[in-house]
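Each remark here refers to the structure printed beneath this line.
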Amino acid sequence: MLTDADCRNASCPPDLKRRRLSDAAGLYLEVSPAGSKRWFWKFYPDGKESRLALGSYPEVSLKAARLARDAARKVRADGTNPVQQRKADTLAKATSNATTFEAVAREFFATKAGAWSATYSARWITQMEKDLFPVLGSLPLADVSAPMLLDALRRVEKRGANETAHTLRQTAGQVFRYGIQTGRCERSPAPDLHGALRPVAVKHMAAVLEPIKAGELLRAIDSYAGQPITRAALAISALVFQRPGNIRAMEWAEVDVDAALWTIPADKMKRTVHGKTNGRPHLVPLAPQALAILEELRTLTGYGQFVFPSLLTGERCMSENTIRAALRRMGYSNDEMTAHGFRAMARTLIVERLPGINPDVIEAQLAHGKSGPLGMAYDRAEFMEQRRQMMAAWADYLDRLRIGAQVVPIKGRAA
């Protein structure tokens, strides 16, 4: 831990861009060659490093920086990203009395800081800034009519972004509902546009759904000549068929080898904010084949936090592009197989080729939540035995599909 003397005397060699002096629990002092000193707290939302600026030294003392860090940790413990929260507080204060479409939209967006995922938040505001703010942003919210909104959406349609146009109609509806709630308008024109836009063609995630082709895919994974960690991620994806983001962010602390169980925390699941905060973790029974891969992989990545760390830094989880690039390298186009396709492959082949398995058990293992008594039953203990049996049967079935191929140990190949 740092002392006041460490902070006072800290310097940075001229050949370095900056120097970090670590304190504890993510707090560090960053020193530049010019002598400036700034406090930061680093944390890892969604497995990626982020940092919160806490002020400059000596204006912010070591003691004050620690207090600020502790306050940020409490915010983070409540499920909120402190960086987003600070931006939201600043933005909400600046736009609290504004009535234009853009101002109300940004104010509404600020209220959702920490409630929405980083990916959804970025997509929401980017689409608004690109397509609606330039056309409607300066207009008073109460003056925006259905024809005005339709005109803005038709511009999006004309460039071929039909699905985005439908999404923006819903997004605009959120803004108008918030405007009604806060007294900036009396009604929303968004519902009036129901049926006015061209329908969206239904798209399905590309996946291998035939046994023969699934066997070819498994053999391609076994012979993949890239990084062994990537090959292991592909193999585990086929065996456990969980969401790609959950697999990439798998941590060693979540894996219980003795219990043959992977426990995914509720806050990592695709759920509502309430479900992330108050829901139960998702349990994934691990077949012997999955355990064997993980045990071999432990010698490569067991020293760190993530089972599948970034190939560049090792401090973050594997990027979402890694599996996509590996599939392309194996000869599978984006129209043939995707990282998400392992889920569709498992769901289809289990239903068609492994008779006697209750479809509700498959849905439970896919973490497709349902409301009502059946949905609650997904977490009950008696489902676990059925899920264990299913996962073992699925792993054995994959082995049968793979027959004739040489199974390559995870560490058998280098990049």
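Quick notes on this structure:
- Evaluation of Arg154 against (1) among the basic types (Lys, Arg); (2) within 30 Å of the chain's Cα centre (by Cα); (3) outside the structural domain of Leu354 (by TED's automatic domain parsing) (one fails), failing number: (2)
- Of the criteria (1) part of a loop (DSSP other than H, G, I, E, B); (2) closer than 28 Å to Cys317 by Cβ, which one Asp70 fails: (1)
- Considering each residue of segment 157-175 in turn, at least one proves to be of a type in the set (Lys, Arg), within 30 Å of Asp267 (Cα to Cα) and in contact with a helix residue (DSSP H, G or I) (Cβ under 9 Å, 6 or more places away or on another chain).
- Leading residue by the ranking (nearest to Ala249 (Cα to Cα)) among those in segment 292-311 that are surrounded by fewer than 18 Cβ atoms within 10 Å (Cβ to Cβ), modelled with pLDDT of 85 or more and among the hydrophobic types (A, V, I, L, M, F, W, C): Leu300
- Taken residue by residue, segment 320-335 has at least one member that is in a helix (DSSP H, G or I), modelled with pLDDT under 90 and surrounded by fewer than 18 Cβ atoms within 10 Å (Cβ to Cβ).
- Residue in segment 383-394 that is outside any loop (DSSP other than H, G, I, E, B) and at pLDDT below 80 present: yes
- Top-ranked residue in segment 336-364 [being in a loop (DSSP other than H, G, I, E, B) and of a type in the set (A, V, I, L, M, F, W, C); ranked as nearest to the chain's Cα centre (by Cα)]: Ala339
- Answer from Asp46, Asp6 - the residue that is surrounded by fewer than 17 Cβ atoms within 10 Å (Cβ to Cβ), modelled with pLDDT under 85 and outside any loop (DSSP other than H, G, I, E, B): Asp46
- Residue match in segment 243-252 (condition: in contact with a Phe, Trp or Tyr (Cβ under 7 Å, 6 or more places away or on another chain), in contact (Cβ under 8 Å) with a residue 24 or more places away in the chain, of a type outside the set (Lys, Arg) and surrounded by fewer than 20 Cβ atoms within 10 Å (Cβ to Cβ)): yes
- Residue in segment 227-241 that is closer than 21 Å to Ala364 by Cβ and outside any helix (DSSP H, G or I) present: yes
- Residue match in segment 398-407 (condition: modelled with pLDDT of 55 or more, assigned to a helix (DSSP H, G or I), under 26 Å from the mean Cα position of the chain (by Cα) and not β-branched (Val, Ile, Thr)): no
- Residue that is farthest from Lys42 (Cα to Cα), among those in segment 89-103 that are at pLDDT 60 or above and assigned to a helix (DSSP H, G or I): Phe101
The values are calculated or read from the model by the stated rules, or taken from the named source; none is laboratory data. Computed from a prediction, not measured in an experiment: that's the story for all the values here. Virtual Cβ from ideal backbone geometry, glycine too; neighbours counted across all protein chains shown.
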